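Each remark here refers to the structure printed beneath this line.
Throughout, read-outs are computed from the coordinates displayed, never taken from laboratory work. Because the structure is predicted, anything quoted here is derived from the model rather than measured. Neighbour counts run over all protein chains shown; Cβ positions are idealised from the backbone, glycine included.
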Amino acid sequence: MMFDSNYDLKDEGETLRLAENMASHLRPGMNLYLKGELGAGKTTFVRGLLRGLSYQDKVKSPTYTLVEPYNFDKFTIYHFDLYRFKDENEWDAAGFREYFNNLSICLVEWPEKAGHILPKPDISIELSHATLGRHLHLIGYSSIGAECLKAII
Ligand SMILES: Nc1ncnc2c1ncn2[C@@H]1O[C@H](COP(=O)(O)OP(=O)(O)O)[C@@H](O)[C@H]1O
Ligand SMILES: [Mg+2]
């Protein structure tokens with residue numbers, strides 16, 4: 001582990017604000033895992049990241065389609081939700097492997113459902129229920145991931 005940080009987020013607004021703040025420090029090629037039980041706030045965090053990049057429309061949870069793309073000038077964000085992911089053959093058949101490239105940023109909910117077929121994360125975003133709101137543990141595994149976390153104010 002290269003760098004980690006902890007936050008207490010007392011309501012949805014704080015989750016959104018932290019994610020919006022982080023958005024400006026994302027770089028193409030990054031791979032972010034989002035972990036935590038159902039309702040922990042993973043999709044809310046993705047919504048905050050997209051808002052931070054000035055995306056204003058609805059953010060659909062890609063539970064059935066597995067992935068939703070968002071195009072920006074300098075990169076494409078792929079938001080995966082692998083909760084219903086079962087078939088490893090489907091991964092290559094659907095071309096998902098190619099989504100992880102140096103012009104994309106992949107945000108992956110439920111990465112544990114796809115185990116070893118996923119590339120390693122630059123950052124792990126771990127959300128859990130707290131007495132008041134949510135606890136957030138951010139872990140930067142690569143130098144680019146650690147730099148991103150250090151830049152959050
Ligand atoms: N810091 C927070 N404190 C309390 N509730 C929160 C916080 N962040 C998000 N929420 C709420 O928790 C729920 C999380 O839902 P969602 O983001 O879809 O979770 P997940 O994708 O992990 O299943 C939403 O109703 C959201 O408003
Ligand atoms: Mg979700």
Inset, instruction - Output the direction-averaged projected area (hull surface divided by four) of the convex hull of the alpha-carbon atoms of the chain, in nm². - result: 8.5 nm²
Inset, instruction - Figure the gain on full extension for A130 and D73 (residue separation times 0.36 nm, minus the Cα-Cα span) and round it to one decimal in nm. - result: 16.8 nm
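Are there chymotrypsin sites (Phe, Trp or Tyr not before Pro) in region 42-74 that DSSP marks as loop and that have at most 12 other Cβ atoms within 10 Å, and which are they?
Values: sites: F45, Y55, Y64, Y70, F72; in loops: Y55, Y64, F72.
In loop regions of region 42-74 (DSSP not H, G, I, E or B), the sparsely surrounded chymotrypsin sites (Phe, Trp or Tyr not before Pro) are Y64.
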Inset, instruction - Starting from the Cα-Cα distance between R84 and D8, subtract it from 0.36 nm times their residue separation and give me the gain in nm to one decimal. - result: 24.4 nm
Legend entry - Of K86/K120; K60/K150; K120/K150; K113/K150, those spanning more than 26 Å from alpha-carbon to alpha-carbon: K60/K150; K113/K150
Inset, instruction - Round to the nearest 0.05 the FRET efficiency obtained for L103 and K58 when R0 = 22 Å and r is the Cβ-Cβ distance. - result: 0.35
Inset, instruction - Give me the number: length gained by fully extending A93 to E112, i.e. 0.36 nm times residue separation minus the C-alpha to C-alpha distance, one decimal in nm. - result: 4.9 nm
Legend entry - Sparse-neighbour loop sites [GluC sites (Glu not before Pro); region 11-101; at most 14 other C-beta within 10 Å; DSSP]: E37
Inset, instruction - Report, in deg cm²/dmol and to the nearest 500, the calculated mean residue ellipticity at 222 nm for the chain, where each DSSP H run with n ≥ 4 adds -39500 (n - 2.57) and the sum is divided by the residue count. - result: -7000 deg cm²/dmol
